[in-house]
Number of protein chains: 2
Amino acid sequence: MKRAIVLLSGGLDSATTLYLARKQGFDCFCLIFDYGQRQRNEINAAKKIARLAQCHFHIIRIALPHKGSSLLDRKMRIPRHLAAMLRNHNLIPTTYVPARNIIFLSLALFYAETIKAGAIFIGAHIEDYSGYPDCRPEFYRAFEKVISKGTKSGVEGRRISIETPLIRKKKSEIIRKAINLGVPLGLTWSCYEGGKVPCGRCDSCYYRKKGFKEAGIKDPSIRS
Amino acid sequence: MKRAIVLLSGGLDSATTLYLARKQGFDCFCLIFDYGQRQRNEINAAKKIARLAQCHFHIIRIALPHKGSSLLDRKMRIPRHLAAMLRNHNLIPTTYVPARNIIFLSLALFYAETIKAGAIFIGAHIEDYSGYPDCRPEFYRAFEKVISKGTKSGVEGRRISIETPLIRKKKSEIIRKAINLGVPLGLTWSCYEGGKVPCGRCDSCYYRKKGFKEAGIKDPSIRS
């Protein structure tokens, strides 16, 4: 059975990506990252999702040398969507974590080479996202070049691909796909804040709400 | 003062690179990686070198999800140079750690973006090395493309370069340069084994010995 590494954040995009990879016949090895994010709910969500999907999972803890993002630094304010839209038009928001997907992919690549996985799945997408440069197709193509030039697998001709099945999907399309695949959306966590319930106001909550509304589906994670 | 991140392993190449970066006028921020390497001497060496050079340093601990290298797995044998030459001609030795420099550079990139450093120095070189794909110039150029496509700095036009000042140098040339720069070579640690004194037989000891011999200099780390 062919193997894949799946980056699992606990959000609905990565959970859907896991179910897509499974449907494609991959034996999935999930990586969950504990990189000092101020909200810990997503780590617990990711663990529950991996267990329910009966996939291998591994949590990698990384003590980053600096707090360079409002997702890491509790002293910084997480922007609310509308404010961010008005004030920071065309700017990358403070929730950007420098090089995050590069760090995640590099560790996934270590894992892929050691267990001989041929693919790394990541649930990034360019629509309805917060303007992060490491969510764009050109970044993933550049990273594949790094794999081919800088790894044993690459120089020996064993391809490890970066799979971004959601890259051009809208949030509402991802949600419809998730429903079809039986993804446990009620377990997923998107909010950037660390409260007991989603704040409903951060970028991530905004896009989630918008996506469910456009899909005409009730968000099962929101208790009414 | 312009800032640089310097990857400091505790070996003589990275120590020389640090002194070269300082000479170029950089305020150096050293990153030392504790990634589960079986020998711990190099971490202590790196700390001593950074302190002596009066540079900032930070140790990043990473719990990798697998032991995929004889540098990590105590059950594996570290190859001796001659055996490796005979048996594994043109093969990458078991001391290869998958994606190691990709992981290190990605974390250095996080640090560079947060503290606004414009360069990342790494002491890799293609001559007298063990055949690692992530020590070749084409890998570093590919990684720079990842920086330009996948980071805030990149898309906003602030270049972060990967500096490999030793990339085409022979070990003996590096040693001569180190002597000129006043690098504390006696503090550096190269051996792959974790003993109290260098084993003298692993690839790394072999190239170090060969380098000092060719440079006509006595290795100050070896007590006679």
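The values are calculated or read from the model by the stated rules, or taken from the named source; none is laboratory data. All values derive from a computational prediction rather than experimental measurement. Neighbour counts are summed over all protein chains in view; Cβ atoms, including those assigned to glycine, are modelled from backbone coordinates with ideal geometry.
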Next on the checklist: Restricting to the stretch B:123-152, give me the number of residues that are β-branched (Val, Ile, Thr), within 7 Å of chain A (Cβ to nearest Cβ) and assigned to a helix (DSSP H, G or I).
Outcome noted: 1
Next on the checklist: When you scan the stretch A:123-130, do you find a residue that is within 30 Å of A:Met76 (Cα to Cα), under 20 Å from the mean Cα position of the chain (by Cα) and among the aliphatic types (A, V, I, L, M), even just one?
Outcome noted: yes
Checklist entry - Given A:Ile175, A:Ile147, A:Ile122, A:Ile217, which one is within 30 Å of B:Ile162 (Cβ to Cβ) and in contact (Cβ under 8 Å) with a residue 40 or more places away in the chain? => result A:Ile122
Item to check | From the options B:Gln39, B:Gln54, residue that is surrounded by fewer than 21 Cβ atoms within 10 Å (Cβ to Cβ), more than 14 Å from chain A (Cβ to nearest Cβ), modelled with pLDDT under 95 and part of a loop (DSSP other than H, G, I, E, B) | outcome: B:Gln39
Checklist entry - Is it the case that B:Gly216 is farther than 16 Å from B:Gly123 by Cβ, modelled with pLDDT of 95 or more and out of contact with any Gly (no Cβ under 6 Å at 6 or more places or on another chain)? => result yes
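Have a look at A:Lys210, A:Lys196 and point out the one that is basic (Lys, Arg) and modelled with pLDDT of 90 or more.
Going through A:Lys210, A:Lys196 in turn, the sole match is A:Lys210.
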Next on the checklist: B:Ile60 - would you say it is among the β-branched types (Val, Ile, Thr), in contact with a Pro (Cβ under 7 Å, 6 or more places away or on another chain) and either at pLDDT 90 or above or in a loop (DSSP other than H, G, I, E, B) (or both)?
Outcome noted: yes
Next on the checklist: Given (1) under 22 Å from B:Leu109 (Cα atoms); (2) at pLDDT below 95; (3) part of a helix (DSSP H, G or I); (4) not charged (D, E, K, R), identify the lone condition not met by B:Ala21.
Outcome noted: (2)
Checklist entry - Hey, among the residues in the stretch A:153-179 that are part of a loop (DSSP other than H, G, I, E, B) and within 10 Å of another protein chain (Cβ to nearest Cβ), which one's modelled with the lowest pLDDT? => result A:Glu156
Checklist entry - Quick one: is B:Arg74 more than 14 Å from B:Ser14 (Cα to Cα), more than 11 Å from chain A (Cβ to nearest Cβ) and surrounded by fewer than 19 Cβ atoms within 10 Å (Cβ to Cβ)? => result yes
Checklist entry - Has the stretch B:162-181 got any residue that is over 14 Å from the mean Cα position of the chain (by Cα) and within 17 Å of B:Arg141 (Cα to Cα)? => result yes
Item to check | Hits in the stretch A:185-218 - residues which are among the small types (Gly, Ala, Ser), touching a Pro at 6+ places or on another chain (Cβ under 8 Å) and in a helix (DSSP H, G or I) | outcome: A:Gly186
